[in-house]
Amino acid sequence: AGPGRTVCEEQMAVQMALLGGIGIIHCDQGVEEQIAMVRRVKEFETAFILSPAVVGPRTTVHDAEALMREVGCSCLPITENGRVGSKLAGLITRRDVDALEESKKLEVVTKHMVVHVVTASEPVTYRQAQEIMRKHKVGKLPVVNSEKELVALICRGDQKRVDRHPDATRDPNTQLMVAAAIDDAQPDAFDRAVAIVEAGADAVVVLTDAGVSEATVDFVKRLKATFLTTDVVCGRVSSLHMAEALCKADCDGLMVGAPEGPGAAGGAGIADATCLFQAARVARMSYGVPVCAEGGLRTPGDVVKAALLGASTMAPRELLARTFESPGEHAYQNGACVKLRPIRGATPACMPATLGGQLVDCGSLEQLLGHLLQRMHAGFRSLGLRGHSDVHPSLASGSLRLEVHRPRLPVDAGPPEKIERRRLTSSALFNRW
(Lines give C-alpha, C1' and ligand atoms only; values in the text may rest on other atoms or scores of the structure.)
Protein backbone atom coordinates (compact mmCIF):
# COMPACT_ATOMS: atom_id res chain seq x y z
CA ALA A 1 0.00 0.00 0.00
CA GLY A 2 1.56 3.28 -1.14
CA PRO A 3 2.36 6.21 1.16
CA GLY A 4 -0.73 8.32 0.47
CA ARG A 5 -2.90 10.10 3.00
CA THR A 6 -5.93 8.64 1.23
CA VAL A 7 -4.42 5.14 1.14
CA CYS A 8 -2.43 3.95 4.15
CA GLU A 9 -2.67 4.56 7.84
CA GLU A 10 -2.68 2.15 10.77
CA GLN A 11 -5.73 0.08 9.78
CA MET A 12 -4.61 -0.38 6.18
CA ALA A 13 -1.03 -1.26 7.22
CA VAL A 14 -2.25 -3.93 9.66
CA GLN A 15 -4.63 -5.57 7.21
CA MET A 16 -2.10 -5.41 4.37
CA ALA A 17 0.55 -7.15 6.49
CA LEU A 18 -1.92 -9.82 7.62
CA LEU A 19 -2.67 -10.59 3.96
CA GLY A 20 1.00 -10.91 3.02
CA GLY A 21 1.85 -7.39 1.85
CA ILE A 22 3.24 -4.30 3.53
CA GLY A 23 1.81 -0.84 4.12
CA ILE A 24 3.66 2.48 4.03
CA ILE A 25 2.47 4.95 6.69
CA HIS A 26 2.24 8.40 5.08
CA CYS A 27 4.18 11.41 6.39
CA ASP A 28 1.44 13.99 5.85
CA GLN A 29 1.11 14.26 9.63
CA GLY A 30 3.17 15.01 12.71
CA VAL A 31 6.13 12.88 13.71
CA GLU A 32 4.46 11.70 16.91
CA GLU A 33 1.31 10.61 15.07
CA GLN A 34 3.34 8.68 12.51
CA ILE A 35 5.45 7.01 15.21
CA ALA A 36 2.31 6.03 17.13
CA MET A 37 0.85 4.37 14.02
CA VAL A 38 4.07 2.42 13.40
CA ARG A 39 4.14 1.19 17.00
CA ARG A 40 0.51 0.09 16.96
CA VAL A 41 1.11 -1.92 13.80
CA LYS A 42 4.19 -3.58 15.30
CA GLU A 43 2.32 -4.45 18.50
CA PHE A 44 -0.73 -5.88 16.74
CA GLU A 45 -1.18 -9.62 17.32
CA THR A 46 2.48 -10.31 17.96
CA ALA A 47 3.62 -13.43 19.78
CA PHE A 48 6.59 -11.62 21.34
CA ILE A 49 5.60 -8.34 23.02
CA LEU A 50 8.94 -6.56 23.28
CA SER A 51 7.58 -3.45 25.02
CA PRO A 52 4.78 -4.67 27.29
CA ALA A 53 2.99 -2.41 29.72
CA VAL A 54 4.68 -2.80 33.12
CA VAL A 55 3.90 -1.55 36.63
CA GLY A 56 6.04 -1.15 39.72
CA PRO A 57 5.57 -2.65 43.20
CA ARG A 58 4.04 0.57 44.60
CA THR A 59 1.33 0.78 41.94
CA THR A 60 -2.19 0.36 43.28
CA VAL A 61 -4.56 -2.29 41.94
CA HIS A 62 -6.90 0.50 40.82
CA ASP A 63 -4.17 2.11 38.70
CA ALA A 64 -3.16 -1.28 37.29
CA GLU A 65 -6.78 -1.94 36.28
CA ALA A 66 -6.96 1.46 34.57
CA LEU A 67 -3.75 0.69 32.66
CA MET A 68 -5.17 -2.66 31.50
CA ARG A 69 -8.21 -0.89 30.09
CA GLU A 70 -6.06 1.76 28.44
CA VAL A 71 -3.70 -0.59 26.58
CA GLY A 72 -6.26 -3.38 26.10
CA CYS A 73 -4.39 -6.19 27.88
CA SER A 74 -5.34 -8.71 30.55
CA CYS A 75 -1.99 -9.11 32.32
CA LEU A 76 0.70 -6.76 33.65
CA PRO A 77 4.23 -7.79 34.68
CA ILE A 78 5.49 -6.25 37.90
CA THR A 79 9.17 -5.29 38.02
CA GLU A 80 11.35 -3.62 40.65
CA ASN A 81 11.34 -0.19 38.99
CA GLY A 82 8.21 -0.52 36.82
CA ARG A 83 10.12 -0.82 33.53
CA VAL A 84 11.17 -3.47 31.04
CA GLY A 85 14.74 -4.55 31.77
CA SER A 86 14.26 -4.64 35.53
CA LYS A 87 14.03 -7.75 37.71
CA LEU A 88 10.67 -9.50 37.47
CA ALA A 89 8.69 -9.61 40.75
CA GLY A 90 5.40 -11.14 39.63
CA LEU A 91 2.28 -10.84 37.49
CA ILE A 92 -1.16 -9.40 38.07
CA THR A 93 -4.01 -10.44 35.77
CA ARG A 94 -7.49 -9.15 35.11
CA ARG A 95 -8.87 -12.24 36.85
CA ASP A 96 -7.02 -11.26 40.04
CA VAL A 97 -8.38 -7.71 39.82
CA ASP A 98 -11.99 -8.76 39.15
CA ALA A 99 -11.98 -11.00 42.23
CA LEU A 100 -11.20 -8.09 44.57
CA GLU A 101 -13.61 -5.81 46.35
CA GLU A 102 -13.49 -2.10 45.56
CA SER A 103 -11.92 -1.26 48.92
CA LYS A 104 -9.00 -3.63 48.29
CA LYS A 105 -8.25 -2.09 44.91
CA LEU A 106 -6.57 0.79 46.73
CA GLU A 107 -3.87 -1.59 47.95
CA VAL A 108 -0.58 -2.10 46.13
CA VAL A 109 -0.30 -4.81 43.50
CA THR A 110 2.35 -6.77 45.42
CA LYS A 111 -0.32 -7.96 47.86
CA HIS A 112 -2.37 -9.61 45.12
CA MET A 113 0.16 -10.54 42.44
CA VAL A 114 1.16 -14.02 41.29
CA VAL A 115 4.60 -14.63 42.78
CA HIS A 116 5.50 -18.06 41.37
CA VAL A 117 5.60 -17.24 37.68
CA VAL A 118 6.57 -19.65 34.90
CA THR A 119 9.20 -17.94 32.75
CA ALA A 120 11.32 -18.65 29.69
CA SER A 121 14.99 -17.74 29.46
CA GLU A 122 16.32 -15.96 26.40
CA PRO A 123 17.10 -16.88 23.72
CA VAL A 124 13.83 -18.70 23.10
CA THR A 125 12.07 -19.47 19.82
CA TYR A 126 8.38 -19.23 19.10
CA ARG A 127 7.96 -23.02 19.08
CA GLN A 128 9.87 -23.43 22.33
CA ALA A 129 7.65 -20.83 23.98
CA GLN A 130 4.56 -22.69 22.77
CA GLU A 131 5.84 -25.94 24.30
CA ILE A 132 6.55 -24.28 27.66
CA MET A 133 3.08 -22.71 27.82
CA ARG A 134 1.42 -25.97 26.81
CA LYS A 135 3.40 -27.99 29.36
CA HIS A 136 2.64 -25.68 32.31
CA LYS A 137 -0.87 -24.74 31.08
CA VAL A 138 -0.31 -20.99 31.35
CA GLY A 139 -1.61 -18.17 29.16
CA LYS A 140 1.18 -15.64 29.88
CA LEU A 141 4.89 -16.33 29.63
CA PRO A 142 7.45 -13.66 30.61
CA VAL A 143 10.85 -13.94 28.93
CA VAL A 144 13.78 -13.12 31.22
CA ASN A 145 17.55 -12.98 30.86
CA SER A 146 20.20 -14.61 33.04
CA GLU A 147 19.69 -11.90 35.69
CA LYS A 148 15.94 -12.61 35.84
CA GLU A 149 15.25 -9.24 34.24
CA LEU A 150 12.14 -8.91 32.07
CA VAL A 151 12.89 -8.91 28.34
CA ALA A 152 9.53 -9.66 26.68
CA LEU A 153 6.08 -11.12 27.29
CA ILE A 154 4.30 -13.87 25.35
CA CYS A 155 0.50 -14.22 25.41
CA ARG A 156 -1.40 -17.33 24.38
CA GLY A 157 -4.24 -15.28 22.90
CA ASP A 158 -1.84 -13.51 20.56
CA GLN A 159 -0.32 -16.86 19.59
CA LYS A 160 -3.74 -18.10 18.46
CA ARG A 161 -4.26 -14.98 16.38
CA VAL A 162 -0.80 -15.35 14.84
CA ASP A 163 -1.65 -18.91 13.79
CA ARG A 164 -4.80 -17.66 12.02
CA HIS A 165 -2.69 -15.73 9.50
CA PRO A 166 0.09 -18.07 8.34
CA ASP A 167 0.82 -15.94 5.24
CA ALA A 168 1.20 -12.66 7.11
CA THR A 169 4.31 -10.55 6.56
CA ARG A 170 6.21 -10.80 9.85
CA ASP A 171 9.71 -10.09 11.11
CA PRO A 172 11.81 -12.64 13.08
CA ASN A 173 9.99 -11.56 16.27
CA THR A 174 6.62 -12.47 14.65
CA GLN A 175 5.66 -8.77 14.55
CA LEU A 176 3.84 -7.44 11.52
CA MET A 177 6.12 -5.61 9.10
CA VAL A 178 5.44 -1.97 8.25
CA ALA A 179 7.17 0.85 6.39
CA ALA A 180 6.99 4.61 6.88
CA ALA A 181 7.47 7.48 4.45
CA ILE A 182 9.61 10.59 4.82
CA ASP A 183 10.06 13.65 2.61
CA ASP A 184 13.70 14.65 2.25
CA ALA A 185 12.60 18.24 1.50
CA GLN A 186 11.34 18.64 5.06
CA PRO A 187 13.86 20.12 7.53
CA ASP A 188 13.27 17.34 10.07
CA ALA A 189 13.51 14.50 7.53
CA PHE A 190 16.52 12.74 9.04
CA ASP A 191 15.24 13.11 12.63
CA ARG A 192 11.91 11.68 11.50
CA ALA A 193 13.70 8.74 9.88
CA VAL A 194 15.59 8.03 13.11
CA ALA A 195 12.37 8.19 15.12
CA ILE A 196 10.38 5.83 12.90
CA VAL A 197 13.23 3.29 12.76
CA GLU A 198 13.48 3.37 16.55
CA ALA A 199 9.71 2.84 16.68
CA GLY A 200 10.19 -0.40 14.73
CA ALA A 201 9.67 0.44 11.05
CA ASP A 202 11.09 -2.25 8.79
CA ALA A 203 11.67 0.08 5.85
CA VAL A 204 11.99 3.81 5.18
CA VAL A 205 10.45 5.20 1.99
CA VAL A 206 11.98 8.43 0.69
CA LEU A 207 9.43 10.41 -1.34
CA THR A 208 10.88 11.78 -4.56
CA ASP A 209 7.77 13.23 -6.22
CA ALA A 210 9.50 16.63 -6.41
CA GLY A 211 12.44 15.15 -8.33
CA VAL A 212 15.81 13.60 -7.59
CA SER A 213 18.58 16.12 -6.90
CA GLU A 214 22.09 15.75 -5.55
CA ALA A 215 20.69 16.51 -2.10
CA THR A 216 18.25 13.60 -2.48
CA VAL A 217 21.03 11.22 -3.47
CA ASP A 218 23.20 12.36 -0.54
CA PHE A 219 20.23 11.92 1.80
CA VAL A 220 19.68 8.34 0.63
CA LYS A 221 23.37 7.55 1.08
CA ARG A 222 23.24 8.97 4.62
CA LEU A 223 20.25 6.79 5.46
CA LYS A 224 21.98 3.69 4.12
CA ALA A 225 25.12 4.44 6.16
CA THR A 226 23.09 5.01 9.34
CA PHE A 227 20.51 2.19 9.15
CA LEU A 228 22.43 -0.91 8.15
CA THR A 229 19.57 -3.35 8.76
CA THR A 230 16.67 -1.21 7.51
CA ASP A 231 15.66 -1.10 3.85
CA VAL A 232 15.56 2.28 2.12
CA VAL A 233 13.06 2.51 -0.74
CA CYS A 234 12.75 5.55 -3.02
CA GLY A 235 9.91 6.78 -5.19
CA ARG A 236 8.07 7.68 -7.13
CA VAL A 237 10.45 8.04 -10.08
CA SER A 238 9.27 8.93 -13.57
CA SER A 239 12.46 8.77 -15.66
CA LEU A 240 15.40 6.52 -16.30
CA HIS A 241 17.79 9.22 -15.08
CA MET A 242 16.08 9.38 -11.67
CA ALA A 243 16.07 5.59 -11.36
CA GLU A 244 19.77 5.28 -12.16
CA ALA A 245 20.74 8.03 -9.72
CA LEU A 246 18.91 6.34 -6.84
CA CYS A 247 20.23 2.88 -7.72
CA LYS A 248 23.77 4.26 -7.65
CA ALA A 249 23.00 5.61 -4.17
CA ASP A 250 22.47 1.97 -3.08
CA CYS A 251 18.73 2.14 -2.47
CA ASP A 252 16.99 -1.17 -1.75
CA GLY A 253 13.93 -0.62 -3.93
CA LEU A 254 12.25 1.76 -6.38
CA MET A 255 8.65 2.87 -6.74
CA VAL A 256 7.85 3.85 -10.33
CA GLY A 257 4.97 6.02 -11.47
CA ALA A 258 3.94 9.50 -12.50
CA PRO A 259 4.24 11.81 -9.46
CA GLU A 260 1.18 13.72 -8.31
CA GLY A 261 0.44 16.90 -6.46
CA PRO A 262 1.93 20.40 -6.51
CA GLY A 263 5.65 20.54 -7.20
CA ALA A 264 5.73 17.01 -8.64
CA ALA A 265 8.40 16.25 -11.19
CA GLY A 266 6.60 14.88 -14.24
CA GLY A 267 2.89 14.33 -13.77
CA ALA A 268 0.67 14.73 -16.83
CA GLY A 269 2.18 13.36 -20.02
CA ILE A 270 4.29 10.65 -18.37
CA ALA A 271 4.01 7.31 -20.19
CA ASP A 272 3.58 4.95 -17.24
CA ALA A 273 4.23 1.74 -19.20
CA THR A 274 7.39 3.01 -20.90
CA CYS A 275 8.69 4.50 -17.66
CA LEU A 276 8.06 1.27 -15.78
CA PHE A 277 9.68 -0.90 -18.46
CA GLN A 278 12.84 1.20 -18.70
CA ALA A 279 13.27 1.67 -14.96
CA ALA A 280 12.62 -2.02 -14.19
CA ARG A 281 15.03 -3.19 -16.87
CA VAL A 282 17.91 -1.02 -15.67
CA ALA A 283 17.25 -1.44 -11.94
CA ARG A 284 16.87 -5.22 -12.04
CA MET A 285 19.48 -6.15 -14.63
CA SER A 286 22.21 -3.61 -13.80
CA TYR A 287 21.80 -3.10 -10.05
CA GLY A 288 19.65 -5.97 -8.75
CA VAL A 289 17.09 -3.53 -7.33
CA PRO A 290 13.41 -4.61 -7.35
CA VAL A 291 10.77 -2.24 -8.68
CA CYS A 292 7.26 -1.51 -7.41
CA ALA A 293 4.71 -0.18 -9.91
CA GLU A 294 2.54 2.55 -8.41
CA GLY A 295 1.33 4.66 -11.32
CA GLY A 296 -1.75 4.17 -13.46
CA LEU A 297 -2.98 0.91 -11.89
CA ARG A 298 -6.73 1.37 -12.02
CA THR A 299 -7.94 -2.10 -13.07
CA PRO A 300 -6.84 -5.72 -12.53
CA GLY A 301 -5.66 -5.73 -16.14
CA ASP A 302 -3.28 -2.86 -15.37
CA VAL A 303 -1.80 -4.88 -12.52
CA VAL A 304 -1.09 -7.80 -14.87
CA LYS A 305 0.48 -5.46 -17.43
CA ALA A 306 2.71 -3.96 -14.74
CA ALA A 307 4.02 -7.41 -13.88
CA LEU A 308 4.67 -8.12 -17.56
CA LEU A 309 6.60 -4.86 -17.88
CA GLY A 310 9.02 -5.83 -15.14
CA ALA A 311 7.48 -4.85 -11.79
CA SER A 312 8.26 -7.15 -8.88
CA THR A 313 5.43 -5.74 -6.73
CA MET A 314 2.44 -3.51 -7.37
CA ALA A 315 0.73 -0.77 -5.35
CA PRO A 316 -2.65 0.03 -6.98
CA ARG A 317 -3.23 3.26 -5.11
CA GLU A 318 -6.47 4.14 -6.90
CA LEU A 319 -8.03 0.80 -5.95
CA LEU A 320 -6.72 0.64 -2.38
CA ALA A 321 -7.99 4.15 -1.63
CA ARG A 322 -11.56 2.88 -2.09
CA THR A 323 -11.38 0.01 0.40
CA PHE A 324 -12.90 -0.08 3.85
CA GLU A 325 -9.47 0.02 5.55
CA SER A 326 -8.26 3.20 3.82
CA PRO A 327 -8.57 6.55 5.65
CA GLY A 328 -11.87 8.36 5.28
CA GLU A 329 -15.51 8.05 6.22
CA HIS A 330 -18.27 6.02 4.61
CA ALA A 331 -21.72 7.20 3.59
CA TYR A 332 -24.61 6.13 1.36
CA GLN A 333 -25.83 8.30 -1.49
CA ASN A 334 -28.47 7.31 -4.03
CA GLY A 335 -28.17 3.67 -3.02
CA ALA A 336 -24.39 3.54 -3.47
CA CYS A 337 -21.73 3.25 -0.79
CA VAL A 338 -19.54 6.35 -0.87
CA LYS A 339 -15.95 6.67 0.28
CA LEU A 340 -15.08 10.17 1.52
CA ARG A 341 -11.34 10.76 1.34
CA PRO A 342 -9.40 13.57 3.04
CA ILE A 343 -7.74 16.09 0.76
CA ARG A 344 -3.96 16.18 1.06
CA GLY A 345 -2.77 19.02 3.26
CA ALA A 346 -6.31 20.19 4.02
CA THR A 347 -8.51 20.41 7.09
CA PRO A 348 -11.10 17.71 7.76
CA ALA A 349 -12.72 18.59 4.40
CA CYS A 350 -13.39 15.49 2.34
CA MET A 351 -13.72 14.60 -1.29
CA PRO A 352 -15.61 11.65 -2.80
CA ALA A 353 -13.76 8.82 -4.51
CA THR A 354 -15.23 8.30 -7.95
CA LEU A 355 -15.06 5.35 -10.30
CA GLY A 356 -16.80 5.37 -13.64
CA GLY A 357 -18.73 8.51 -12.70
CA GLN A 358 -20.30 6.87 -9.64
CA LEU A 359 -19.46 7.19 -5.97
CA VAL A 360 -18.44 3.72 -4.93
CA ASP A 361 -16.65 1.76 -2.25
CA CYS A 362 -14.71 -1.39 -3.11
CA GLY A 363 -15.46 -3.18 0.16
CA SER A 364 -12.79 -4.80 2.32
CA LEU A 365 -9.13 -5.09 1.39
CA GLU A 366 -9.31 -8.87 1.68
CA GLN A 367 -12.07 -9.03 -0.93
CA LEU A 368 -10.24 -6.68 -3.28
CA LEU A 369 -6.92 -8.52 -3.06
CA GLY A 370 -8.65 -11.85 -3.55
CA HIS A 371 -10.26 -10.54 -6.72
CA LEU A 372 -6.97 -9.05 -7.96
CA LEU A 373 -5.06 -12.28 -7.35
CA GLN A 374 -7.71 -14.31 -9.14
CA ARG A 375 -7.58 -12.03 -12.16
CA MET A 376 -3.76 -12.03 -12.14
CA HIS A 377 -3.59 -15.82 -12.11
CA ALA A 378 -6.11 -15.94 -14.96
CA GLY A 379 -4.02 -13.47 -16.95
CA PHE A 380 -0.82 -15.43 -16.40
CA ARG A 381 -2.50 -18.70 -17.36
CA SER A 382 -3.76 -17.17 -20.59
CA LEU A 383 -0.12 -16.43 -21.45
CA GLY A 384 1.01 -19.95 -20.61
CA LEU A 385 2.73 -18.91 -17.37
CA ARG A 386 2.43 -20.66 -14.03
CA GLY A 387 2.74 -17.46 -12.02
CA HIS A 388 4.49 -14.15 -11.48
CA SER A 389 7.87 -15.86 -11.01
CA ASP A 390 7.79 -17.06 -14.65
CA VAL A 391 7.21 -13.61 -16.17
CA HIS A 392 10.71 -12.13 -16.13
CA PRO A 393 12.54 -15.28 -17.32
CA SER A 394 10.03 -15.66 -20.16
CA LEU A 395 10.57 -12.07 -21.25
CA ALA A 396 14.35 -12.43 -21.18
CA SER A 397 14.31 -15.70 -23.17
CA GLY A 398 11.95 -14.37 -25.83
CA SER A 399 9.23 -16.96 -25.26
CA LEU A 400 6.84 -14.19 -24.14
CA ARG A 401 5.99 -11.60 -26.77
CA LEU A 402 4.70 -8.07 -26.24
CA GLU A 403 2.75 -5.95 -28.70
CA VAL A 404 3.09 -2.17 -28.89
CA HIS A 405 0.03 -0.33 -30.23
CA ARG A 406 -0.58 3.28 -31.07
CA PRO A 407 -3.43 4.88 -29.07
CA ARG A 408 -6.81 4.49 -30.71
CA LEU A 409 -7.37 7.33 -33.20
CA PRO A 410 -10.54 9.39 -33.61
CA VAL A 411 -13.11 8.39 -36.21
CA ASP A 412 -12.07 11.14 -38.63
CA ALA A 413 -8.34 10.41 -38.33
CA GLY A 414 -8.16 8.52 -41.62
CA PRO A 415 -8.47 4.99 -42.92
CA PRO A 416 -7.57 2.09 -40.61
CA GLU A 417 -4.53 1.14 -42.65
CA LYS A 418 -2.77 4.32 -41.48
CA ILE A 419 -2.81 3.17 -37.87
CA GLU A 420 0.68 1.99 -37.06
CA ARG A 421 1.02 -1.44 -35.50
CA ARG A 422 4.33 -3.00 -34.53
CA ARG A 423 5.11 -6.33 -32.96
CA LEU A 424 8.26 -6.66 -30.94
CA THR A 425 9.66 -9.75 -29.31
CA SER A 426 10.85 -9.43 -25.75
CA SER A 427 14.47 -9.65 -26.92
CA ALA A 428 13.94 -6.63 -29.16
CA LEU A 429 12.36 -4.75 -26.28
CA PHE A 430 15.30 -5.52 -24.00
CA ASN A 431 17.85 -4.53 -26.64
CA ARG A 432 16.04 -1.41 -27.75
CA TRP A 433 17.25 0.80 -24.89
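The values are calculated or read from the model by the stated rules, or taken from the named source; none is laboratory data. Keep in mind it's a predicted model, so treat the numbers as computed, not measured. Here the Cβ positions follow ideal geometry from the backbone for every residue, glycine too, while neighbour counts run over all protein chains shown. These area figures cover heavy atoms from the full protein model, side chains too; ligands, DNA and RNA do not enter into them. Shrake-Rupley method; radii C 1.70, N 1.55, O 1.52, S 1.80 Å.
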- For region 390-401, 3J(HN,Hα) per residue [Karplus equation, 6.51 cos²θ - 1.76 cosθ + 1.60, θ = phi - 60°, Hz, x = Gly/Pro]: 8, 5, 5, x, 5, 5, 5, 7, x, 6, 10, 9
- Which whole-Hz ³J(HN,Hα) couplings does region 160-166 yield from phi under the Karplus relation 6.51 cos²θ - 1.76 cosθ + 1.60, θ = phi - 60°, glycine and proline marked x? 5, 5, 5, 5, 6, 10, x
- Grab the beta carbon distance between Met285 and Ala225, set R0 = 25 Å, and tell me the FRET efficiency rounded to 0.05. 0.45
- Note on the structure: Output ordering of 206-217, 274-285 (per-residue mean of other Cβ within 10 Å, highest first) is 274-285, 206-217
- Would you mind getting the accessible area per residue of region 1-129, heavy atoms of the protein chains only, 1.4 Å probe, in Å²? 49 Å²
- Query: Using a simple spin-label model with points 7 Å from Cα along the Cα→Cβ vector, what separation in nm is obtained for Ser213 and Val115?
  - Reply: 6.6 nm
- Task: Determine the distance separating the Cα centre of region 136-168 from the Cα centre of region 80-112; give it in Å without decimals.
- Result: 20 Å
- Task: Taking amide H positions as placed in the peptide plane 1.01 Å from N, state which residues far from Asp209 in sequence (5 or more) or on other chains have amide H under 5 Å from it.
- Result: Arg236
- How large is the dipole of region 103-174 about the Cα centre if only Lys and Arg carry +1 and Asp and Glu carry -1, each at its Cβ, rounded to the nearest 20 debye? 480 debye
- Linear extension gain, Lys135 paired with Arg58, 0.36 nm per residue minus alpha-carbon span: 24.5 nm
- Note on the structure: Taking r as the C-beta separation of Tyr126 and Ser399 and R0 as 45 Å, the FRET efficiency to the nearest 0.05 is 0.60
- Using θ = phi - 60° and Karplus 6.51 cos²θ - 1.76 cosθ + 1.60, couplings along region 201-216 (whole Hz; Gly, Pro as x): 4, 8, 8, 10, 10, 8, 6, 10, 4, 7, x, 10, 10, 4, 5, 5
- In debye to the nearest 20, how big a dipole does region 1-143 give about its Cα centre with +1 on each Lys and Arg Cβ and -1 on each Asp and Glu Cβ? 600 debye
- Query: Using modelled amide H (1.01 Å from N, peptide plane; none on Pro or chain starts), what sits under 5 Å from the amide H of Thr323, excluding residues fewer than 5 places away?
  - Reply: Cys362
- Query: For region 1-151, what class follows from the C-alpha gyration tensor (a ≥ b ≥ c being the square roots of its eigenvalues): rounded when a/c is under 1.5, otherwise prolate if a/b is larger than b/c, else oblate?
  - Reply: prolate
- Expressed as a percent, the accessible surface of region 30-142 that is carbon or sulfur, using a 1.4 Å probe and the full set of protein chains, is 49 percent
